[in-house]
1. Kindly list, by first and then second residue, each pair from a residue in region 60-84 that is within 13 Å of A11 (Cβ to Cβ) to a residue that is basic (K, R), limited to pairs with Cβ atoms under 6 Å and residues at least 6 apart or on different chains.
2. Go through region 35-54 and count every residue that is touching a residue at least 12 places away in the same chain (Cβ under 8 Å), out of contact with any strand residue (DSSP E or B) (no Cβ under 6 Å at 6 or more places or on another chain) and within 20 Å of R4 (Cα to Cα).
3. Return the residues of region 62-72 that are surrounded by 17 or more Cβ atoms within 10 Å (Cβ to Cβ) and over 16 Å from N35 (Cβ atoms); say none if nothing qualifies.
4. Can you pull out the residues in region 1-34 that are aliphatic (A, V, I, L, M) and either farther than 26 Å from H68 by Cβ or touching a strand residue (DSSP E or B) at 6+ places or on another chain (Cβ under 7 Å) (or both)?
Amino acid sequence: MTYRIEFKRSAAKALKKVPLTDRKRLRDKIDSFANELPDPEKTKMKGNNPFYRVRVGDYRIIYEIHQHPPRIVILKIGHRKDVYRRL
């Protein structure tokens, strides 16, 4: 199944602030989500929330998966020490 990738405005803004080399790695990982999702059992965040997370170096991508229509919403991108605050 092919998913459409959507960004929250704050996530797109945060991606622009990431250094160029890390930004390219993040974009490559996000683009790979469209065709093949990481294992949901391993990436599901703990607690009672619908969020998933993926590690890319020192950065994390927090996202939601919606089935109808099939899309992935990127909620937050940030350094691992800050990304989980105010989620």
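1. If the second residue must be basic (K, R), the pairs left are R60/R53; R60/R80; I62/R53; I62/K76; L75/K8; V83/R60; V83/K76.
2. 3
3. Listed by number, the list holds a single entry, I62.
4. Once the filter is applied, which keeps residues that are aliphatic (A, V, I, L, M) and either farther than 26 Å from H68 by Cβ or touching a strand residue (DSSP E or B) at 6+ places or on another chain (Cβ under 7 Å) (or both), region 1-34 yields I5, A11, A14, L15, V18, L20, L26, I30, A34.
Since every read-out is calculated from the coordinates, none of them should be taken as a lab result. These numbers were taken from a predicted model, which means no experiment stands behind them. As a convention, Cβ positions derive from the backbone with ideal geometry for all residues, glycine included, and neighbour counts pool all protein chains shown.
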